[in-house]
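No lab work stands behind these numbers, since they all come straight from the coordinates. As the structure is a computational prediction, the values presented were derived from the model and not from experiment. Here the Cβ positions follow ideal geometry from the backbone for every residue, glycine too, while neighbour counts run over all protein chains shown.
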Amino acid sequence: MSVPLLKIGVVLSTMAMITNWMSQTLPSLVGLNTTKLTAATGGTLDRSTGVLPTNPEESWQVYSSAQDSEGRCICTVVAPQQTMCSRDARTKQLRQLLEKVQNMSQSIEVLDRRTQRDLQYVEKMENQMRGLESKFKQVEESHKQHLARQFKAIKAKMEELRPLIPVLEEYKADAKLVLQFKEEVQNLTSVLNELQEEIGAYDYEELQNRVSNLEERLRACMQKLACGKLTGISDPITIKTSGSRFGSWMTDPLAPEGENKVWYMDSYHNNRFVREYKSMADFMNTDNFTSHRLPHPWSGTGQVVYNGSIYFNKYQSHIIIRFDLKTEQILKTRSLDYAGYNNMYHYAWGGHSDIDLMVDENGLWAVYATNQNAGNIVISKLDPNTLQSLQTWNTSYPKRSAGEAFIICGTLYVTNGYSGGTKVHYAYQTNASTYEYIDIPFQNKYSHISMLDYNPKDRALYAWNNGHQILYNVTLFHVIRSDEL
């Protein structure tokens with residue numbers, strides 16, 4: 001802020017010029033021409049070097065003038081002797097002029113003090129403004145994301161105040177303008193003080209870390225909420241009655257948003273035609289469908305549609321096939337080593353149900369039995385692209401004693417039968433490699449269940465019950481574990 005200092009310098013220079021003018025002009029105004037003064041020795045001296053009056057008894061004489069370090073005029077005047085007539089016109093005029101000079105000197109002194117005070121005030125304001133700008137930059141750089149709106153308002157206020165500074169510099173004598181500016185600065189200071197108190201009360205970097213941590217915990221919590229322990233199964237909802245006594249139907253849990261196609265496969269062997277319905281409404285109310293012909297007949301009712309492909313067990317083999325429903329081509333074929341087939345280790349109802357493919361929140365699974373595990377259920381987690389077994393668990397539950405089975409959140413649930421009164425009474429947790437016996441009622445409305453699979457997208461069980469396509473809603477108990485508790 002160099003401009004205010006320059007302008008105040010101009011004021012001081014102006015004061016010096018006024019006093020200089022007075023020292024030079026005053027003698028001529030009263031008839032004292034001091035261009036050359038006669039010294040006591042009869043000679044003459046220039047006024048800048050100082051002279052003595054030739055005749056001190058005649059009149060007042062100015063014999064010296066100078067300028068001090070602050071630019072003020074200093075005059076030396078020799079008064080006439082007291083015997084001089086006090087009523088002399090020039091004396092009276094000089095006296096009046098001297099009074100005016102004294103008044104002007106006092107006014108100039110007041111103006112000087114006032115100017116000095118204004119200069120100090122402007123310098124103080126300059127320091128404050130620089131401090132505010134520095135603090136604002138620091139706050140703006142450190143907390144842009146948290147206080148953007150407040151900082152923008154403060155910045156706009158600063159821009160509004162900035163034009164007032166040159167106005168203040170040009171009109172320092174205008175007390176009202178100075179007062180208005182002072183009030184504006186006080187308001188801004190109050191806002192900044194409140195902001196500083198707020199900043200001092202909270203460590204926003206710490207808050208940001210806490211918010212990020214909370215978001216991660218909530219995201220993890222939502223992921224955990226997607227899974228849970230089965231605690232109840234609703235009454236059955238009959239969607240449609242069609243087909244033979246045995247079969248399977250399903251939807252794709254990874255279907256694009258807004259797509260709800262239904263896939264329908266009647267019978268458990270010697271069939272290779274899959275029906276595609278555009279929607280659940282079409283499946284329920286019409287017979288409008290598209291038919292897909294598989295390259296091989298399927299075995300059992302353990303087929304599943306997952307991410308646009310149908311996975312099925314090739315008839316009379318332990319081969320699993322991945323078939324793309326759009327291109328109608330086989331994408332992958334792989335043998336499920338040691339798995340029993342051709343009614344060796346079927347469910348209690350039979351029907352070549354040796355290999356049951358399932359899908360849950362964790363992906364693709366295969367449930368079967370082997371000689372190595374004495375005909376008890378084996379669970380394998382499969383890679384949906386390569387069909388390679390990623391991990392395998394051997395249970396102690398006989399496959400032929402199971403009515404049907406399904407997987408929810410990595411836990412295999414087994415029913416105790418397929419006809420009459422049934423219940424879910426066995427659960428094997430793959431994440432802990434443990435099992436337990438449970439008692440969850442399960443209404444078998446049409447007395448013969450040949451297919452039971454869980455869909456993680458719908459949170460429902462799809463069932464084929466004696467020629468009826470059924471849905472069951474499930475109740476899951478969510479346990480949220482926190483490391484901090």
With a sphere of radius 12 Å drawn around the Cβ of V359, what net charge do the other residues whose Cβ falls strictly inside it have (Lys, Arg +1; Asp, Glu -1)? -4
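Please say if segment 330-485 is rounded, prolate or oblate, where rounded means a/c under 1.5 for a ≥ b ≥ c the square roots of the C-alpha gyration tensor eigenvalues, and otherwise the choice is prolate for a/b larger than b/c and oblate otherwise?
Rounded, since a/c falls under 1.5.
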Anisotropy class of segment 398-485 from Cα gyration tensor, a/c 1.5 cut: prolate
Taking a ≥ b ≥ c as the square roots of the eigenvalues of the Cα gyration tensor of segment 228-475, is the shape rounded (a/c under 1.5), prolate (a/b larger than b/c) or oblate? rounded
For M344, what charge total do you get from the other residues with a beta carbon under 12 Å from its beta carbon, if Lys and Arg give +1 and Asp and Glu give -1? +1
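Step through the table entries K124/K152; K229/K423; K240/K326; K135/K157; K261/K326; K261/K332, compare each Cα-Cα distance with 21 Å, and write down the pairs that go over it.
K124/K152; K240/K326; K261/K332
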Ranked by how many other beta carbons lie within 10 Å on average, peptides 335-348, 247-260, 403-416, 110-123 from highest: 403-416, 335-348, 247-260, 110-123
Per the 1/(1 + (r/R0)^6) rule, R0 = 30 Å and r from the Cβ atoms of N270 and Q329, FRET efficiency to 0.05 is 0.85
